[in-house]
1. Please report, in whole Å, how far the alpha carbons of the stretch 115-258 spread along each principal axis, starting with the longest.
2. Please state, as a whole number in µm²/s, the translational diffusion coefficient that the Stokes-Einstein equation yields for the stretch 31-122 at 25 °C and 0.890 mPa s, with Rh defined as the Kirkwood radius across alpha carbon pairs.
3. Projecting each Cα onto the charge dipole of the chain (Lys/Arg +1, Asp/Glu -1 at the beta carbon, about the Cα centre), which of Leu219, Val82, Ser191 comes out farthest on the positive side?
4. For the pair Lys36/Gln242, report the inter-label distance in nm, with labels modelled 7 Å from Cα in the Cβ direction.
5. Subtract the Cα-Cα distance of Lys159 and Val229 from 0.36 nm times their separation in residues, and report this length gain in nm to one decimal.
6. Between the stretch 82-102 and the stretch 1-59, what's the alpha-carbon centroid distance in Å?
7. Quickly estimate the mean residue ellipticity at 222 nm for the chain, helices only: each DSSP H run with n ≥ 4 gives -39500 (n - 2.57), and the total goes over all residues, rounded to 500.
8. Would you kindly state how much longer the chain becomes between Glu72 and Asp146 on full extension, computed as 0.36 nm times their sequence separation minus their alpha carbon distance, in nm to one decimal?
Amino acid sequence: MSKYKLFLLRHGEGAWNKENRFCSWVDQKLSEDGVKEAQDCGRLLKEQGYKFDLVFTSILSRSIQTAWLVLEAMGQEWVPVVKSWRLNERHYGSLIGLNRAEMAQQHGEEKVKLWRRSYDITPPLIDESHPYFLEIYNDRRYTTCDVPIKDLPRAESLKEVLDRLLPYWNSTVVPEIRNGRTVLISAHGNSCRALLKYLEGISDEDIASVTLPTGIPVLLELDENLKPVKPRQLLGDQAKIQAAIKKVEDQGKAKPST
Ligand SMILES: O=C(OP(=O)(O)O)[C@H](O)COP(=O)(O)O
């Protein structure tokens, strides 16, 4: 029997989602379309009568901005928002900033698919020579983490995302859910995929075909042991959701960038 409802949300479209670049730990704001997606998401959740008690976000602006816009559209701005780097997007290492379609032209679509969707392959590490290295590691927000900056990731597989996310899930999110709070996690494509893999017990192989579009809330109904009692529900117009999923999957195809 369903005891708890948990909502996962990949933030609305960011500027680099539009440009088909690996964004990851670079702090991009939402695009105009992304703002609209987040507002539409909030309106939909309000129409369906959902109420949140607590929102968790990463420390990247696009997930925080999305949480604010959702709460504003729901008229629930007062709901507390708690932030942690442990919900950040997967660290894409030296791939950060690169265009997926150009990478597919250079390295082949299969290689890009492995980098994007394999469970335990870590992309090449970012180092000091990378154009976004200083922007990331000199950012004051990373002095607030529960690990020193030198120990923060330099690239992560999906498995490594789950390894850094799970302690936070267990210590901080789970007690709130067990206390009966309805939680929204406003995060990222891959941090949400990692959590979904854990909660739904998805195999290392099958997680490769799980794709989350931006701005679409995912509802999980959980039993008393926080195990899903039914398949995840992506809320909204199902034809639009399927088209948005295909668009994300096609980002790794070797077509000329626009
Ligand atoms: O920043 C990213 O995700 P996000 O838009 O959910 O924050 C990644 O670049 C997503 O890339 P992917 O869909 O190739 O894994």
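1. Principal extents (Cα only, largest first): 47, 42, 26 Å.
2. Details: Rh = 15.5 Å.
So the translational diffusion coefficient is about 158 µm²/s.
3. Sorting the options by dipole projection puts first Leu219.
4. The two pseudo-label positions are separated by 2.3 nm.
5. Numbers: separation 70, 0.36 × 70 = 25.20 nm, distance 2.42 nm.
So the extension gain works out to 22.8 nm.
6. One Cα centre to the other: 16 Å.
7. Per the formula, -11000 deg cm²/dmol.
8. 23.7 nm
Any read-out appearing in this document is the output of simple, stated calculations on the displayed coordinates, not a laboratory observation. Only a predicted model underlies this, so the values are computations on that prediction, with no experimental measurement involved. Every residue, glycine as well, gets a Cβ built from its backbone with ideal geometry; the counts of neighbours run over all protein chains shown.
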